[in-house]
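The structure under discussion appears below in the form of structure tokens.
Just so it is clear, none of the values below were taken in a lab; they were calculated from the coordinates. Bear in mind that the values here come from a model prediction, so they are computed numbers and not experimental data. Glycine gets a Cβ as well: all are built from the backbone with ideal geometry, and neighbour counts include every protein chain shown.
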Amino acid sequence: MQKYRFFSLFFVLFLLGDFVAQISLQKFTDDFKNLSENKFGSLSIAIIDLDRDSVLADVHAEKTLMCASTAKLFSTFSALEILGADYKPKTRIYTNGFIDKNGVLTGDLIIRGGGDVTLGSKYFYEEELDFGFMSLWMDQLRAHGIRSIQGNIITDGSDFSYAGAPDGWDWSDMGNYYGAGASGINFYDNTVKYYFDTPSTGEKVKFKGTFPLDSMLKFSHTIKSANIRNDRSYLYGAPYSQDRFGIGSLPSNRTDFVVKGSMHDPEYMLANEFYAFLRDSNFHISGSARGNRLLNQPKMMYDSLTLLYTHNGQNLFDIIKLTNEKSINLFAEGMLNLIGFEQNSYGSTESGIRAIYKNFEGKIDLSGMDLKDGSGLSRKNAVSARNFINLLSYIHRSSLNETFRSTLAVAGKSGTLKNICRSQPASGRMFAKSGTLSNVKAYAGFVKTMTGKNLAFALIVNNFEGSRYQLVKKMERIFNAMASY
């Protein structure tokens, strides 16, 4: 009898302990909701026990909000599930002419974009090797016996959209490197480096030029030197517009200070760069560099052209891992385009989003969600914590679970979470995607608790007051509580 009473007491205490733990997580989220920083803002929070499929905390979990880069969870997992980890985007080189015995190609050389975001990317190639693909392409031309071209170098990204940027991207973002949109042809991360010499504090800086060189660029600025250590300048400019201007300040007394901006027209810029590379390598080219968007001609019929070479990009798994760990907007948008291209034969933001919804139909409840892009830079995205929880639960049950989790940043260890909960309980236990906009802070992902439980969570805050740094410090209380659950 005494043994039975002891077992009963132990069982009650076990259940009570689990109940207290659940109350504790709800209390942590309630306390966070009641912070003065959130008095005028909006929140959506949810935490679930994946093993028991039970709700551990809920604060306006159904409310849809701007979610910043946590939106990348939808684009990256969808790409993994739809395209596969070993998928490689392709860029093809064609000609519409013929090659004579003297090595003269009479006709155009046509580069057909396949949405590859890794072409010349700094994330895959060292700085001295980022244009190495051009040497490879030139070698392929020579292997076909081509020594000169009586025609044009044409780049064609028309299998993908020319929209330039998704709906809801802000004017203040698009001219900067992180606001570079994806297209059928991407290279050098769709980035242009602006070089400045900065004089004494208070004086206007000297603009020296760009790389890659854009002869059509019209750049003006009011950037001044200041007694600061970091870049505090901003570049403005719309997609396909050669007009760019800069404001703000840069550290004083520097030489060749680099500011990165978005490339106005990657399609044309690749044609121009490859044209210059071939001519510098003693290729005679009678024509010019041209981008298809500017030609205003009927769509090319590639079945009637001669394929000279197919360039394979990096594999999708590596792209996804970099996207989630370093939060690369261009890569996320590029993968969304690729999903649309493979599913609907046309690569665009809208086509990719349509493919994502179709893929999850009948699998995940996405009620209320309205995605506008793949990166989260759009301020028109509307996603709830519940939408994220439904996605994360689906991933947890998927055969791709471990593969996808390995692409996420780890608290206290890697990526955008490296400085979150360092040397605290959540360090090494939280695998998640962060999201940041000027008035948005969000996290969503998984937690492996100290007791071996598997949790999923989403925490989204819009229009908070005060310091983002201090807000994140208070979010860490929730992350550590989950890890200790």
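For the chain, build the charge dipole from Cβ charges (+1 Lys, Arg; -1 Asp, Glu) around the Cα centre, then report which of 134, 282, 228 sits farthest towards its positive end.
228
Within 10 Å, count the other beta carbons around each residue, average over each peptide in 235-241, 338-344, 248-254, and list them highest first.
338-344, 235-241, 248-254
Quick check: residue separation of residue 51 and residue 34 times 0.36 nm, minus the Cα distance between them. What number comes out in nm? Write down the numbers at each step before the final one.
Values: separation 17, 0.36 × 17 = 6.12 nm, distance 2.93 nm.
Residue separation times 0.36 nm, minus the Cα-Cα distance, leaves 3.2 nm.
What net charge do the residues around residue 348 carry, taking every other residue with its C-beta under 12 Å from that of residue 348, with Lys and Arg at +1 and Asp and Glu at -1?
Values: positive: 354; negative: 159, 167, 333, 350, 373.
With Lys, Arg at +1 and Asp, Glu at -1, the net is -4.
Using a cut-off of 14 Å between beta-carbons, work out the net charge of the residues near residue 153 (Lys and Arg +1, Asp and Glu -1, residue 153 not included). Write out the running numbers ahead of the final one.
Values: positive: 112, 279, 290; negative: 108, 156, 267, 273, 280.
Spelling it out: positives minus negatives among the neighbours equals -2.
With +1 on each Lys and Arg Cβ and -1 on each Asp and Glu Cβ, and nothing else charged, work out how big the dipole of the chain is about its Cα centre, in Debye to the nearest 20. Kindly include the intermediate steps, with their values, before the conclusion.
Numbers: 54 positive and 48 negative charges, 273 e Å.
Around 1300 debye, computed over the chain.
Sort out for me the Cα centre separation of segment 243-292 from segment 174-206, rounded to whole Å.
11 Å
Nearest 5 percent is fine: what portion of the DSSP beta bridges confined to the chain is antiparallel? Write down the numbers at each step before the final one.
Working: 66 of 86 bridges.
Around 75 percent antiparallel, to the nearest 5.
With contacts defined as alpha carbon pairs under 8 Å and 6 or more residues apart, what's the relative contact order of segment 242-391 in percent?
Values: 111 pairs, mean separation 18.0, N = 150.
With pairs under 8 Å counted, the relative contact order is 12 percent.
From the helices alone, meaning DSSP H stretches of at least four residues, give me the mean residue ellipticity at 222 nm for the chain, per-run term -39500 (n - 2.57), in deg cm²/dmol to the nearest 500. Display every interim value, and only then the final one.
Details: 12 runs with 152 residues, N = 485.
Taking each H run of at least 4 residues, the total per residue is -10000 deg cm²/dmol.
Is segment 228-383 best put as rounded, prolate or oblate by its Cα gyration tensor, with a ≥ b ≥ c the root eigenvalues, rounded for a/c under 1.5, and otherwise prolate when a/b is larger than b/c, oblate when not? Display every interim value, and only then the final one.
Working: a/c = 2.01, a/b = 1.09, b/c = 1.84.
In terms of gyration-tensor shape, oblate.
Add +1 for every Lys or Arg and -1 for every Asp or Glu among the other residues with Cβ under 13 Å from the Cβ of residue 130, and state the total. Display every interim value, and only then the final one.
On the way: positive: 122, 193; negative: 126, 127, 128, 189, 273.
Result for the local shell: -3.
Cα centroids of segment 58-112 and segment 304-353: how far apart, whole angstrom?
2 Å
What size of dipole, in debye to the nearest 20, comes out for segment 192-334 about its Cα centre when the only charges are +1 on Lys and Arg C-beta atoms and -1 on Asp and Glu C-beta atoms? The partial results should precede the final answer.
Working: 17 positive and 14 negative charges, 99 e Å.
Around 480 debye, computed over segment 192-334.
For residue 57, what residues show an amide H to amide H distance below 5 Å, using hydrogens built from the backbone and excluding near sequence neighbours?
It is 47, by chain and number.
Whole-Hz ³J(HN,Hα) for each residue in segment 305-314, computed from phi via Karplus 6.51 cos²θ - 1.76 cosθ + 1.60 with θ = phi - 60°, x for glycine and proline: what do you get?
Rounded to whole hertz, the list is 9, 9, 7, 9, 6, 10, 9, 8, x, 6.
Rounded to two decimals, what ratio of Rg to Rh does the chain give with C-alpha atoms and a Kirkwood Rh?
Numbers: Rg = 25.8 Å, Rh = 24.5 Å.
In the chain, Rg relative to Rh is 1.05.
How far, in nm, would the chain grow between residue 284 and residue 167 when pulled straight, counting 0.36 nm per residue and subtracting the alpha carbon separation? Spell out each step's value before the answer.
Working: separation 117, 0.36 × 117 = 42.12 nm, distance 4.25 nm.
The residue 284-residue 167 span can extend by a further 37.9 nm.
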